[in-house]
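All remarks here apply to the structure that follows.
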Amino acid sequence: MKATKYTGVRFNQLEDGSKVFYIRYKHAGKDVTTKVGSNKEGITPQYCKKLRDQTLVKLRLGEDAPIKSSKTIKTLAEVAAEYFDQSEAKSIGKLKSAYNTHLTHLDNTPITSIDDDVVAVLKRKKSKEVSAKTGRVLSVKTVNNILSVLSAVLHYARKKNYLQVLPLIEKSKVDNTRERFLSTAEIKTLLEAIENSGLPTTDRLLTFVKVSLVTGGRMGSILGIKGKDIDRTNKTVRLHNYKTGKTYTAFLSDDVLLSMPHLEPQQHLIDVSDGKQVQRPLQGILDKLFNKGLKPEDRKERVVVHTLRHTFASHLAIKGTPIQTIMKLMDHSDIKMTLRYAKLMPDAGRDMVEGLYQ
């Protein structure tokens, strides 16, 4: 058992990295050790110190000793309003919307009464709830987002000392790994379908798809391409990763480069005011070609606009491109994101291994 900086507060570290806290004190001449809980349950050394101090006061003065309460207990609605008002998060609008849609039934609940049971009931309820917008049961991702909003408010409450112990909020695992990618024949079918669609946006859709398939760029990155980003001499294009705020270089094939018009430095390759002007018509074509009979929530098999990026990486792997090169071309920040494509790689090195000791 290891000591903390607080007198009489100790902990044991478990194999999974979590810490279980204990308080120690003397009573009637004997050493007493009491388990408080783990950091996974929201227990902190500071909380243990306060609990130990209160315990010693009660032992000295009796059970009826007045333990001063520093603040009036606030409701969830009060804490949430305070949190949203001071938060500088870019996604604060989405957080507020999620709260107003899914958590207002807890508005009058004292913040200190939101425990493990309340969270468990909320999770079960939302897992069975049907969305008024889609008519489908809330997805696991949506339920996790609701729990994230509640968690953010509760963490703020603990920071402000409105409560001492956080309830256990366990999110469900979501397997959003897309396995579907387009074959060479399907790519040809898609391009032909766009050309024959008769849509007024045909040219921009063709450009978007061709650039997506040759660069693997995210939708926002491709829509952000301007004339100054295209280097015709070196056959490259600078893409902006809006997640990281950085840029990286992608390569252009001869046929795609030739199909791209000459642009002024600040002129966009695909001139749209909203990404939905590309996403909606393109998704309609993808649905007709590839998604018949598939459920909307089938993320593994449904073909969506992001499938073009997955197709790019998948075909690189099939051709035996080194995983580090794929990582660079995809602008992945973590190689774990790239390793899922390794299963598509051919048996490179098999002949070398078979003849290694001959």
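The values are calculated or read from the model by the stated rules, or taken from the named source; none is laboratory data. These numbers come from a predicted model, not from an experiment. With ideal geometry, Cβ positions are generated from the backbone for all residues, glycine too; neighbour counts draw on all protein chains shown.
Please work out if Thr233 is out of contact with any Ser or Thr (no Cβ under 9 Å at 6 or more places or on another chain), β-branched (Val, Ile, Thr) and surrounded by fewer than 17 Cβ atoms within 10 Å (Cβ to Cβ). Give the steps one after another, and end with the answer.
Details: out of contact with any Ser or Thr (no Cβ under 9 Å at 6 or more places or on another chain): yes; β-branched (Val, Ile, Thr): yes; surrounded by fewer than 17 Cβ atoms within 10 Å (Cβ to Cβ): yes.
In short, yes.
Inside region 293-327, residues that are touching a residue at least 24 places away in the same chain (Cβ under 8 Å), out of contact with any Leu (no Cβ under 8 Å at 6 or more places or on another chain) and not in a loop (DSSP other than H, G, I, E, B) make up a count of 3.
Looking at Ile270, Ile194, just one residue is touching a residue at least 24 places away in the same chain (Cβ under 8 Å) and part of a loop (DSSP other than H, G, I, E, B), and that residue is Ile270. Total residues in region 206-241 satisfying the condition of being out of contact with any Asp or Glu (no Cβ under 6 Å at 6 or more places or on another chain) and either in a helix (DSSP H, G or I) or β-branched (Val, Ile, Thr) (or both): the figure is 21.
Looking for whichever is modelled with pLDDT of 85 or more and surrounded by 15 or more Cβ atoms within 10 Å (Cβ to Cβ) here; the options are Val121, Val153. Which one fits?
Working: Val121 fails: surrounded by 15 or more Cβ atoms within 10 Å (Cβ to Cβ).
It is Val153.
For (1) part of a helix (DSSP H, G or I); (2) buried (at least 17 other Cβ atoms within 10 Å of the Cβ); (3) in the same structural domain as Lys141 (by TED's automatic domain parsing), each residue gets a yes or a no:
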{"position": "Arg10", "(1), (2), (3)": "no, yes, no"}
{"position": "Phe21", "(1), (2), (3)": "no, yes, no"}
{"position": "Val36", "(1), (2), (3)": "no, yes, no"}
{"position": "Gln54", "(1), (2), (3)": "yes, no, no"}
{"position": "Tyr83", "(1), (2), (3)": "yes, yes, yes"}
{"position": "Ala98", "(1), (2), (3)": "yes, yes, yes"}
{"position": "His105", "(1), (2), (3)": "yes, no, yes"}
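As for region 102-114, it holds no residue that is on the phi > 0 side of the Ramachandran plot and over 29 Å from the mean Cα position of the chain (by Cα).
Condition check for Thr202 on (1) free of Cβ contacts under 8 Å to residues at least 60 places away in the same chain; (2) on the phi > 0 side of the Ramachandran plot: one failure, at (2).
Scanning region 124-147 for residues that are exposed (fewer than 14 other Cβ atoms within 10 Å of the Cβ) and either under 14 Å from Ser97 (Cβ atoms) or among the β-branched types (Val, Ile, Thr) (or both) turns up Val130, Ser131, Ala132, Lys133, Thr134. With respect to the conditions (1) surrounded by 15 or more Cβ atoms within 10 Å (Cβ to Cβ); (2) closer than 23 Å to Lys40 by Cβ, Asp115 lacks only one, and its number is (1).
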